[in-house]
Amino acid sequence: MSILRIFSVFSITLIFSACDIEEFSDNPNVPTTAPLSTLLPPTQKALGDFQGGRIFRYSNIFAQQLRGVDGQEALIENYNPDELFVGNIWSDGYVSAMTNLRIIIDRADAEGSPHYAGVARVQMGTCLGILADLWGDVPYSQALQGAVFPNPIYDSQESIYNTIDAILARAIEDLNQPSSVFTPGPDDLIYAGNLINWSRAAGILRVRYALHTTKVDPQAANRALELQQMASFESAASDFTYPYLGTGTDVNPISSFYSTTPYANIDPSFTDLLADLGDPRAPSMFASIPFSGGQRKPGAYFSSPASPVVLCGYMEEKFLRAEIAARTQPGSAATAQAELTEAITISMQQVSNSVIPSGDVEAYISERATLNGDFNHDLEIILTQKYIAMFTTPETWTDYRRTGIPALTPNAGGASSSNPNGEIPRRLIYPQSERLRNPNFPSPTPTMQDRFWWDQ
């Protein structure tokens, strides 16, 4: 079974390794007639690689959980990324993941297989959400249609967010259909065909993206509250993750990075935060990089060869619920505290493999994570704890940009033509391929300090 899985994942992924967005529709190598069960697995690995690769490193450097010390990571540390290398992230999202997802959705809709369409739509919404949170305005309505729109327009981030919610809502409808000509099974490397878990993941993603908009929408928290009442993971066992085999080429990308080019290590400010809090997760959060003079990398939970990449999970849901309660129940901390306590407890168990004694968890929450009903106080505690627990995900940078929590000091020497004022970047620069080849490229070219829609 492992051999079949490896073959199914990589036989198609390799086809897309060097394509541009507009080329895939005209590429005779694209397997548009392949079975849906063959098309699905590579999109799932692509999604795990997408988040766990450069996005992990770049976003966590901006969030000061990592420190770039060499190569492209050093450029990110100085807020001066190379637009050519930024294009790798763009390609990972559009070419490696979204091209196959578009084929699956179109095929499944046409053939009467809503269960496959629903699974693909959850993944499409996830990928599109990450792209929008990195760049703001991105192509979608005309993207992935190279023969018709070789130079796709850039849709506004606001319209992209509306699209994401519509995609995820449609996914839930698809997944709840009573019949489907074809239904995912073992080819679904994430949930093995469990459509209920896929529907739950879509629901929690809708909550996440609603809460991202709190700076621009006074009703965002109420909207998130409505959505959370329609979806919930039952436990961390139903987390939306890509489960790497840990062998061959199916290896966690964080593990791969640190086994070859450890050009980023743990930022001292992050370790100082855990030390100041007396956080019992600290010994498990980090591991030593061999022959580095004591530098550290993410711990075994995050960076073992078979560590999963968590795209959305029960722990995040609990943090979302805690923040929603704090925003919608002013003056009352009970609900938010219950959700926060569970979120921290889950994080402690996961990162330490359940070796942290329950008494230590309870003492930590009592001393460092007790809410009192004051909104600003409670929000800072909730999001500081989320910042720690969501390490290795892009949500830490997103939460900083939308709330300013935790308070971070910009890296020295961070002023550049891409980042004029030297402050912590608000977005990525666009890739060189888009600037040179797409006449619909934004003008004037945004810098990393030009704020997009939800960051106003």
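The values are calculated or read from the model by the stated rules, or taken from the named source; none is laboratory data. Bear in mind that the values here come from a model prediction, so they are computed numbers and not experimental data. Positions of Cβ are generated from backbone atoms using ideal geometry, with glycine treated the same way; all protein chains shown enter the neighbour counts. We work out accessible area using only protein heavy atoms, side chains counted, and drop any ligands, DNA or RNA first. Shrake-Rupley method; radii C 1.70, N 1.55, O 1.52, S 1.80 Å.
Tabulated data
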| read-out | value |
| --- | --- |
| Listed residues Gln44, Leu245, Tyr209: farthest to the positive end of the dipole of the chain (Cβ charges) | Leu245 |
| For region 118-185 versus region 419-454, the gap between their alpha-carbon centres in whole angstrom | 22 |
| Given charges at beta-carbon only (K, R positive; D, E negative), |dipole| of the chain in Debye | 220 |
| Percent of Cα pairs exceeding the 37 Å cut-off, where the set is the chain | 21 |
| Cα gyration tensor category, rounded, prolate or oblate, for region 360-456 with a/c compared to 1.5 | prolate |
| Partner lysines for Lys45 [C-alpha distance under 28 Å; skip if fewer than 8 residues away on the same chain] | Lys297, Lys318, Lys386 |
| Positive dipole terminus of the chain, leading residue within Gly413, Ile160, Gln295 (C-beta point charges) | Gln295 |
| Amide proton proximity set for Cys312, modelled H, under 5 Å, gap of 5+ | Phe240 |
| Per-peptide average of other Cβ atoms within 10 Å, ordering 199-209, 404-414, 282-292, 220-230 highest first | 199-209, 220-230, 282-292, 404-414 |
| Using distinct alpha-carbon pairs, which all enter the 1/r mean, Kirkwood radius of region 58-154 in Å | 15.2 |
| Size of charge dipole - region 46-137 - debye, nearest 20, with Cβ of Lys, Arg +1 and Asp, Glu -1, no other charges | 220 |
| Anisotropy class of region 167-314 from Cα gyration tensor, a/c 1.5 cut | oblate |
| Net charge, Asn372 excluded, C-beta distance under 12 Å - Lys, Arg +1, Asp, Glu -1 | -3 |
| Kirkwood Rh, angstrom, region 387-434 [1 / mean 1/r, Cα pairs] | 12.3 |
| Percent RCO, i.e. relative contact order, over the chain, from Cα pairs under 8 Å lying at least 6 residues apart | 20 |
| Net lengthening on full extension, Ala415/Asp70 (0.36 nm per residue, minus Cα-Cα) | 122.4 nm |
| Quotient of Cα Rg and 2.2 N^0.38 Å for region 339-414, N being how many residues it contains | 1.21 |
| Of Leu340, Ser354, Ile324, farthest towards positive along the dipole that unit charges on Lys, Arg, Asp, Glu beta carbons give region 261-358 | Ser354 |
| Rg/Rh for region 61-115, where both radii come from Cα atoms and Rh is the Kirkwood radius | 1.29 |
| Electrostatic dipole magnitude of region 163-209 [Cβ: Lys, Arg +1; Asp, Glu -1; Cα centre; debye, to 20] | 200 |
| R0 of 30 Å, Cβ-Cβ distance Asn88-Ala237: FRET efficiency to nearest 0.05 | 0.35 |
| Accessible surface, 1.4 Å probe, highest first, among residues Ser332, Ser352 | Ser332, Ser352 |
| Accessible surface of region 306-456 [probe 1.4 Å, protein heavy atoms]: carbon and sulfur percent | 48 |
| Rounded if a/c under 1.5, otherwise prolate or oblate - region 242-325, Cα gyration tensor axes | oblate |
| The chain: DSSP helices with Cα axial extent of at least 20 Å and average Kyte-Doolittle hydropathy no lower than -0.5 | 36-50, 114-135, 157-175, 195-211, 314-328, 334-352, 375-389 |
| FRET efficiency, 1/(1 + (r/R0)^6) with R0 30 Å, evaluated for Val148 and Glu173 via beta carbons | 0.70 |
| Per residue value of the accessible surface for the chain (all protein chains in place, 1.4 Å probe), Å² | 38 |
| Between region 234-305 and region 45-110, the alpha-carbon center distance in angstrom | 18 |
